[in-house]
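Participant: Here's a structure for you.
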Amino acid sequence: MNGLRVYVNLLDGQTPSGEGVFYSRRGDGPFYLWRYEEKFRQWRGSRVLVADFTPGKLIMTRWKIVPLTLQDRLSQHYLE
């Protein structure tokens, strides 16, 4: 996926785990927050406004740290 970046917010104590919180952004597009919802057994994404959080606290993560189920969900979300 061209231009896709995935982030974690380690400054707030969030860790890159299978049940963690991730953020994504493609190019100069909007940020999305991704949470794993155990009840539904799937990743749910929601668009976040820059005014609602501090993007400067995000740290880009490597693709291989992103859970496979989230990788699949991101592939569906960012269809080319």
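Participant: Take the residues in region 53-80 that are among the charged types (D, E, K, R) and in a loop (DSSP other than H, G, I, E, B); name whichever of them is surrounded by the fewest Cβ atoms within 10 Å (Cβ to Cβ). Don't jump to the end; show me each part of the working.
Facilitator: Taking region 53-80 first, the residues among the charged types (D, E, K, R) are 57, 62, 64, 72-73, 80.
Now narrow it down to the ones that are in a loop (DSSP other than H, G, I, E, B): 62, 80.
On the way: ARG62: 8, GLU80: 6.
Residue satisfying both the conditions and the ranking: GLU80.
Participant: A follow-up question, please. For region 23-80, how many residues meet the condition of being of a type in the set (Lys, Arg) and under 14 Å from VAL8 (Cβ atoms)? Write out each step before concluding.
Facilitator: Quick first cut of region 23-80, residues of a type in the set (Lys, Arg) only: 25-26, 35, 39, 41, 44, 47, 57, 62, 64, 73.
With under 14 Å from VAL8 (Cβ atoms) added as a condition, the list becomes 25, 35, 57, 62, 64.
The total comes to 5.
Participant: Identify, please: which residue in region 33-50 is of a type in the set (D, E, K, R) and either in a strand (DSSP E or B) or in contact with a Phe, Trp or Tyr (Cβ under 6 Å, 6 or more places away or on another chain) (or both) and is, among those, nearest to PHE22 (Cα to Cα)? First the steps, then the outcome.
Facilitator: Step one: filter region 33-50 for residues of a type in the set (D, E, K, R), giving 35, 37-39, 41, 44, 47.
Still in the running and either in a strand (DSSP E or B) or in contact with a Phe, Trp or Tyr (Cβ under 6 Å, 6 or more places away or on another chain) (or both): 35, 37, 44, 47.
Values: ARG35: 7, GLU37: 13, ARG44: 10, ARG47: 12 Å.
For region 33-50, the residue satisfying everything is ARG35.
Participant: List the pairs whose first member sits in region 20-41 and is in contact (Cβ under 8 Å) with a residue 24 or more places away in the chain and surrounded by 10 or more Cβ atoms within 10 Å (Cβ to Cβ), whose second member is among the β-branched types (Val, Ile, Thr) and assigned to a loop (DSSP other than H, G, I, E, B), and whose Cβ atoms are under 7 Å apart, counting only residues at least 6 apart or on separate chains?
Facilitator: PHE22/VAL66
Participant: Within region 42-60, which residues are of a type in the set (D, E, K, R) and either in contact with a helix residue (DSSP H, G or I) (Cβ under 9 Å, 6 or more places away or on another chain) or at pLDDT 95 or above (or both)? Show your work before the answer.
Facilitator: Looking only at region 42-60, we keep the residues that are of a type in the set (D, E, K, R), and these are 44, 47, 52, 57.
Matches in region 42-60: ARG44, ARG47, LYS57.
The values are calculated or read from the model by the stated rules, or taken from the named source; none is laboratory data. Values in this document were obtained by computation on a predicted structure and should not be read as measured data. Neighbour counts are summed over all protein chains in view; Cβ atoms, including those assigned to glycine, are modelled from backbone coordinates with ideal geometry.
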